[in-house]
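Working notes, beginning with the structure itself.
The values are calculated or read from the model by the stated rules, or taken from the named source; none is laboratory data. Computed from a predicted model, the values in this text were never measured in an experiment.
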Amino acid sequence: MSVKLLPDLEDLLEGLGLSGIATIVLLSVILPGVSEVAKPIAKATIKRGIILYEKNKGAIAKVGKAWGEIVAEARAEFVEEQGVILESTADSSEVALIGEA
């Protein structure tokens, strides 16, 4: 018994039909032209994203600082209300209750 790695060309052509074969041929002709147009558009979009980030870096830092303060206040209130001690991991995404305060 032999193992077929690739389908028979005859079976493939029969399964695709005329429209499938035409689509493959057209895509092979059209895609290089699309990539020539799409690459500059993608680069321009990335450049604008970088410019937008650079212009708003200060505002982003302020929001991050304010968020950190809100989280710290909420954590302090939680500890006060619940009477427990919180232990944070290095990335602060996990908090473990380690006992009564």
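Here are a few things to note about the model shown:
- ILE21 being at pLDDT below 75, under 35 Å from the mean Cα position of the chain (by Cα) and among the β-branched types (Val, Ile, Thr): yes
- Some residue of the range 35-43 being at pLDDT 90 or above and part of a helix (DSSP H, G or I): yes
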